[in-house]
Amino acid sequence: MSTLNTAVTAAASALAAERTRIEVAVSNLANAESTRSNGGTLYRRRDVVLAADTVQSFDGALGKATATGVRVAAIVEDTTPAQRRFDPSHPDADAEGFVEMPNITPAMEMVDMVGASRAYQANLTAINLIRDLVSRALELGRS
């Protein structure tokens, strides 16, 4: 039972990480046309860095049940150059009429969101399968 609990804990850590990936992609999409952030600088695309995380159950202290989960190691700004768009009427246009726009490609953000959403769903399915397995095992024990 403890190994199943450890597997659920590992999948739950992935749910939290994928939720963060979705939130960051949504934030990037929302700021795709923003020329200034709260600090007055150009908004930079953000990306989530994931890292392996050892998940231990109660038996993990005894060296029995461990699994590898995932955690958000950092949210970093993308360093690719800003996009330049010709729009002389924009208030942030330079002397040549170009405006620096965030380095965000909406199609790529949508791909990231779909990937994170599918990974979230896969981990949720794994948790549900474990729950069903435990439920069936309990039913067998009753009969």
>> I want to confirm something. Restricting to the range 1-45 and keeping residues that are acidic (Asp, Glu) and surrounded by 14 or more Cβ atoms within 10 Å (Cβ to Cβ), which single residue is farthest from Asn123 (Cα to Cα)?
In response: Glu23
> In this structure, does Leu4 turn out to be more than 16 Å from Val114 (Cβ to Cβ), assigned to a helix (DSSP H, G or I) and modelled with pLDDT of 90 or more?
Replying inline: no
> Met101 is checked against (1) closer than 16 Å to Glu33 by Cα; (2) modelled with pLDDT of 95 or more and fails just one. What number does that condition carry?
Replying inline: (2)
>> Pairs needed: first member in the range 10-37, touching a residue at least 12 places away in the same chain (Cβ under 8 Å); second member anywhere, surrounded by fewer than 16 Cβ atoms within 10 Å (Cβ to Cβ) and in a helix (DSSP H, G or I); C-beta distance under 7 Å; at least 6 residues apart or different chains.
In response: Leu15/Leu124; Ile22/Ser117; Leu29/Pro106; Ala32/Pro106
>> Here's a check for you: in the range 75-92, which residue that is closer than 27 Å to Asp47 by Cβ and among the polar types (S, T, N, Q) is surrounded by the fewest Cβ atoms within 10 Å (Cβ to Cβ)?
In response: Thr79
>> I need every pair where a residue in the range 109-138 that is over 17 Å from Val48 (Cβ atoms) has its Cβ under 9 Å from the Cβ of a residue that is of a type in the set (Val, Ile, Thr) and assigned to a helix (DSSP H, G or I), sequence separation at least 6 or different chains.
In response: Ala126/Val8; Ile127/Val8; Ile130/Val8; Arg131/Val8
> Is it the case that the range 47-57 has a residue that's hydrophobic (A, V, I, L, M, F, W, C), under 25 Å from the mean Cα position of the chain (by Cα), at pLDDT below 90 and in a loop (DSSP other than H, G, I, E, B)?
Replying inline: no
> Given the residues Arg44, Arg118, Arg71, Arg85, which is the only one that is modelled with pLDDT of 95 or more and basic (Lys, Arg)?
Replying inline: Arg118
>> Take the residues in the range 93-143 that are among the polar types (S, T, N, Q) and not in a helix (DSSP H, G or I); name whichever of them is surrounded by the most Cβ atoms within 10 Å (Cβ to Cβ).
In response: Asn103
> Which number in (1) modelled with pLDDT of 90 or more; (2) farther than 26 Å from Ser13 by Cα marks the one condition that Gly141 misses?
Replying inline: (1)
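The values are calculated or read from the model by the stated rules, or taken from the named source; none is laboratory data. Every value quoted in this text rests on a predicted model; they were computed, and no experiment measured them. FYI the Cβ positions are ideal-geometry reconstructions off the backbone, even for glycines, and counts take in every protein chain you see.
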